[in-house]
Amino acid sequence: MFCEKAMELIRELHRAPEGQLPAFNVRCLKDYGEFEVDDGTSVLLKKNSQHFLPRWKCEQLIRQGVLEHILS
């Protein structure tokens, strides 16, 4: 299962338009609070909320179990 998710993430990275950082659809697995994104705005990460976030901003939270990547 982990390998399948990792391969899907790699495929998504290669589909990103040139010059644009890839972003993920993610679901929040637990209440986390305010999370600042690139443009300085904040997103409230609350359990079961869904967001479209830049990959590099949410990778750590995915590893910590706060977010999960939603595969399309």
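For region 51-72, which positions are in a helix (DSSP H, G or I) and of a type in the set (D, E, K, R)?
Within region 51-72, the first condition is being in a helix (DSSP H, G or I), and the residues that meet it are 55-63.
Result: 55, 57, 59, 63.
List every residue pair whose Cβ atoms sit under 9 Å apart, with the two residues 6 or more apart in sequence or on different chains, where the first one lies in region 50-71 and is of a type in the set (S, T, N, Q) and the second, anywhere, is open to solvent by less than 30 Å² (accessible area, probe 1.4 Å) and not in a strand (DSSP E or B).
Listed pairs, sorted by first residue: 60/66.
Looking at (1) at pLDDT below 85; (2) among the aliphatic types (A, V, I, L, M); (3) touching a strand residue (DSSP E or B) at 6+ places or on another chain (Cβ under 9 Å); (4) open to solvent by 70 Å² or more (accessible area, probe 1.4 Å), which one does residue 44 not meet, given that it meets all the others?
So the condition that residue 44 fails would be (1).
The values are calculated or read from the model by the stated rules, or taken from the named source; none is laboratory data. Remember, it's a predicted structure, so these values are computed and weren't measured experimentally. Because the Cβ atoms are built from the backbone with ideal geometry, glycine has one as well, and the counts that use them run over all protein chains shown. To get the accessible areas, we keep the full protein, side chains included, count just its heavy atoms, and leave off ligands, DNA and RNA. Shrake-Rupley method; radii C 1.70, N 1.55, O 1.52, S 1.80 Å.
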